[in-house]
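Asks: I have a structure I would like to understand better, so I am pasting it below and will then ask my questions one at a time.
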Amino acid sequence: MVDKSDVWQGTLALMILKTLETLGPLHGYGMARRIEQISGHELLVNYGTLYPALLKLEQEGYVSSEWGVSENNRKAKFYKLTRAGRRQIEREEREWGKTTAILARFLAKGGEQS
Amino acid sequence: MRSLRAWLVRLINVFRQARGEREFSAELESHLALHIADNKRAGMTPDEARRRALLALGGAEQTKELHRDARGFPTIESLVQDVRFGVRMMLNNPGFTGMAVLTIAVGIAASNAAFTLTNMVLLRDLPFDRPERLLDVGTVDAENRGDDLSYLDFLDWQRSTRAFTGLAAYADATMNVGDEQWAPERYLGTYLSAGGFRLIGERPILGRDFITEDDRTGAPPVVIISHSIWRNRYRGDPAMLGRTIRINAQPATVIGVMREGLEFPLNSMVWQPLALMPGIGNQPRDARSLQVFGRLADGVAKEQGLADLSGIASQLAQQYPQTSAGIRPSVGEFRPGIGGPLYVIFGALMVAVSFVLLIGCVNVANLLLARSASRSREISIRVSLGATRWRIVRQLLIESVLLAICAGVLGLGLSALGVRWLFAQTSELGRSYWMNMTMDGRVFAFLATICLGTAVLFGLAPALHTSKATVTDALRDGGRSGSSGLRTRRWTSTLVIAEVVLTLVLLAGAAATLRSLYHLHLADRIVNTSNLLTMRVRLPDAKYSTPEQRAAFYQRLDDRLRRTGALQSATLTTALPFTEGGARGLSIGSTAREPRERQPVVGLVGIGPGYFETLGLQVMRGRAFVDLDGTTGREAAIVNQRVVERFFPQDDPIGKQITLMLDNRSAPYSVTVVGVSPTVRQSQMSEPGPVVYVPYKASPNAAMSLIVRTSLDAGVASSMLREEVRALDADLPVFEIRTMDQVISYMLWLSRVFGTMFAVFAGIALVLAAVGLYAVTAYSVTQRTKEIGIRTALGAQRAQVYWLILRRAAVHVTIGLILGLAGAYSVLGLLRGMLVGRYGQDLVTLAAIAGLLLFVCVVATLEPARRATRLNPVAALRYD
């Protein structure tokens, strides 16, 4: 298995939280398909890497899980955003915003000079 | 915060592994089911749908593994796994486990018991208030000889010191406690300066402590008694305070009763102010016999205390150059009763014990190595599954630690028994009141350290060896045979040799101690000790200050005893047989021609007329003493056979004159030899030496022993004797009433305890060595099964196969014996001074021990060798 760097892991975690915020409670498979849809095969090399990330989020208390029934009446484990998770999203969005802004200025300047 | 929460969750998950495993399996299954359903709906066949789903997932097992690692703590979980595996291994091999655990347990038990004893005597804090602030204070002269303090020195130091909150001095003395109602009893007592109890943080529970006014010459005499005297002798009399009792025939007022269990400094039950010690006022400044201790003031370091006292001492050296020039203070740990020789004895004890432990470790290491061959397959599989060498070593080490822990628990139980035995042995010797054999934190820390230490010691080498061998083996097609055998063999050979060496040294020590014990017990018992009762009297200086007074008393006592019908015989002596007499320098002739240091030393015993008769001996040549002997002009002596052998080898000593000298300052004493007696040993340690007997009249001691032979029961006889003495002097108790057998066994205590310990250790070592050699030989046979098969098939006879197996063992054992003999010889040389004299260092004994060990080793290797000869060559050739 390819070892993901921490940066990618962080982005994956944020994507999971955002997906849950947008789409509401989802099971692992559903989340994987959605993330694949949006980011292509770059972020999620294979669906298996989703689960450790979900586990970490659950351990940190940002999501909670519950067994339920899917659309076609199959048993599945659904993940839900917690209040702490919502706060984390806000925090992360701000951080990312700052990072990209600084980076954009940097790159733009560099572009100008070269 | 979040990461802390995550961490805690993971910790809890360590205990819920199975559940987590199940849940995630279910989740994965549901994921796959959903994906497969989608795929099917997209038109794929069921097989294709499943394949694609699995591919997209990235593999079920890998996903599970990732999830598992993120769930809990992989390190802890693998450790738990290792432990469980280790426990299973142990339970599956009960024989091996039992042997290994027992071997180490014995070593641990011995070490623990020895350390408990050492801790009790040398290391543990004394029951004083903040004992680390107390210091023992002594003096050192210009030639670096240590000594105590004199009274005048003590007073000056006490007055001038600023680094100590106080100094106190004490001297032990026997104190006869008497009063009108009951017979006097002798106790050990202490003269203690005022403030002494306060320095150690004690005060009387009834009444008051000594104050400075009590501790002055001419002050009204007072006494503090111990709780047990108050309880037992005075029945807890509530009106004890203010009563007048007699201490050493002098009246004294009881002013205090100490708490239960206090017998400061060692076993004292009576305390009087130092000023009351007879003669202390007249002691010159260079009579240094007082023990002194002090408490450092808060914040003062030991070095500052020493510097402070040094300043005072140098001032006194200037003021009194005659007595105090070059006298400097010395300070050390305050531990009353513990001196240099004890440190040596305990040192020897710990060394002997570590031998046993070491032999045990060597044995188990050998067993582990021998067993490593049977585990090579398992380890090869582990390696091929991706285990690193470290992981394998860790697994093996954990197994060793588990063994050590079991051994530690068992050893703890065994050591409790050992400690109880040692306790019982030392009780007759009079332990100090502050010694009690409980296992405190330090002992448990020692136990834990030993457990882990032995685990590493016996486990590390085999673990490293086993893991290394099999990693390379797994790549080849190794298995049981192959060159790994050679490497293992080298290790086991070294260990076998080491074990033989250690065992031989222990055996030699045991043999030496036992031989000397035998001699002490049996060979010297020419005295007929049946029905022999002994006791001591001590005449206080106040009432019997001149030799004439003492001689007169003894004469009266002697006459009384001889007239008593119930006694078959009675006599007086300054030193009982098997106890130390005085030492004198001997010169042949009527004068001493050399200084004392160059004269040969003989023992001196003062005896009464019926001495030899009472002991059941007869003077061999010449005659026994008569009444006139010992008076001026008729100085006579009887010498023992040893004296004749050493100083009169050719001539007849009867009629010759010899001169005895105590030291260079006193006058020599010339006597004429009138008789030769059999040799009776006077000292407890080495062989019987030359002894000169003189009539006690010539120099009557303040303390004398009585020996009586009587068929009366000991209790009846002792009351009768007490009455006889009381009739002559009401204040004089008799004490130390023991049968001669008890005297001897008391004297032999040290040899007996050490001898038993050595014998037990040596026995254990012998068994361990045999077991170890057996295991190693059995392993070697297994290693060489193919080779033996080939040889047998090619026509080797049984005898040749035997020799094949035994040869290697024989070589190891022989090397071990040679090295061991050298080691034993030197160790015995070291022990010589301490315990055994010349016994045991002779070649005969050493050869006998070597022979015994050789025999045991041969027997141990016979069984595996026999099995080798029984090998079916066909099966052996197929063996792999």
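Asks: Among the residues of the range A:63-77, what is the count of those that are surrounded by 20 or more Cβ atoms within 10 Å (Cβ to Cβ) and more than 8 Å from chain B (Cβ to nearest Cβ)?
Replies: 1
Asks: In this structure, does residue B:699 turn out to be modelled with pLDDT under 85, of a type in the set (Gly, Ala, Ser) and either on the phi > 0 side of the Ramachandran plot or open to solvent by 20 Å² or more (accessible area, probe 1.4 Å) (or both)?
Replies: yes
Asks: For the range A:78-104, which residues satisfy the criterion of being of a type in the set (A, V, I, L, M, F, W, C), in contact with a strand residue (DSSP E or B) (Cβ under 8 Å, 6 or more places away or on another chain) and within 12 Å of chain B (Cβ to nearest Cβ)?
Replies: A:78
Asks: Among B:98, B:107, which is crowded, with 18+ Cβ neighbours inside 10 Å and modelled with pLDDT of 85 or more?
Replies: Checking each option against the conditions leaves just B:107.
Asks: Exactly one of these conditions fails for residue B:432: (1) over 20 Å from residue B:125 (Cα atoms); (2) open to solvent by less than 60 Å² (accessible area, probe 1.4 Å). Give me its number.
Replies: Going through the list (1) over 20 Å from residue B:125 (Cα atoms); (2) open to solvent by less than 60 Å² (accessible area, probe 1.4 Å), residue B:432 breaks only (1).
Asks: Quick check on residue B:91: is it away from chain A (no Cβ under 14 Å), over 30 Å from residue B:315 (Cα atoms) and surrounded by fewer than 17 Cβ atoms within 10 Å (Cβ to Cβ)?
Replies: yes
Asks: Inside the range B:27-130, counting only helices (runs of 4 or more DSSP H) that do not spill past its ends, which hold 1 or more residues that are among the basic types (Lys, Arg)?
Replies: Qualifying helices (runs of 4 or more DSSP H): B:46-57, B:60-71, B:74-92.
Asks: Any residue that is crowded, with 17+ Cβ neighbours inside 10 Å and in a helix (DSSP H, G or I) - is there at least one of those in the range B:284-293?
Replies: No, the conditions are met nowhere in the range B:284-293.
Asks: Now for a different question. Can you pull out the residues in the range B:51-86 that are surrounded by fewer than 16 Cβ atoms within 10 Å (Cβ to Cβ), farther than 18 Å from residue B:27 by Cα and of a type in the set (Gly, Ala, Ser)?
Replies: Within the range B:51-86, just B:78 meets the criteria.
Asks: Given the conditions (1) facing another protein chain (nearest Cβ under 10 Å); (2) open to solvent by 30 Å² or more (accessible area, probe 1.4 Å); (3) farther than 19 Å from residue A:51 by Cα, and given that residue B:37 satisfies all but one, which numbered condition is not satisfied?
Replies: (2)
Asks: Only one of (1) at pLDDT 90 or above; (2) away from chain A (no Cβ under 14 Å); (3) over 30 Å from residue B:770 (Cα atoms) fails for residue B:77. Which number is that?
Replies: So the condition that residue B:77 fails would be (1).
Asks: Go through the range B:793-810 and give me each residue that's crowded, with 16+ Cβ neighbours inside 10 Å and touching a Ser or Thr at 6+ places or on another chain (Cβ under 8 Å).
Replies: Within the range B:793-810, B:801, B:802, B:805, B:806, B:808, B:809 meet the criteria.
Asks: Let me ask you something else. From B:98, B:43, B:107, B:72, which residue is within 14 Å of chain A (Cβ to nearest Cβ) and either closer than 28 Å to residue B:400 by Cα or among the small types (Gly, Ala, Ser) (or both)?
Replies: B:72
Asks: Related question: Return only the number of the condition from (1) surrounded by 19 or more Cβ atoms within 10 Å (Cβ to Cβ); (2) at positive phi that residue B:403 does not satisfy.
Replies: (2)
Asks: Among the residues of the range B:623-633, is there at least one that is open to solvent by 40 Å² or more (accessible area, probe 1.4 Å) and within 22 Å of residue B:689 (Cβ to Cβ)?
Replies: Scanning the range B:623-633 turns up at least one residue that is open to solvent by 40 Å² or more (accessible area, probe 1.4 Å) and within 22 Å of residue B:689 (Cβ to Cβ).
The values are calculated or read from the model by the stated rules, or taken from the named source; none is laboratory data. All values reported here derive from a predicted model rather than from experimental measurement. Every residue, glycine among them, receives a Cβ derived from its backbone with ideal geometry; neighbour counts consider all protein chains shown. Just the protein is used for accessible areas: all its heavy atoms, side chains included, with ligands, DNA and RNA removed. Shrake-Rupley method; radii C 1.70, N 1.55, O 1.52, S 1.80 Å.
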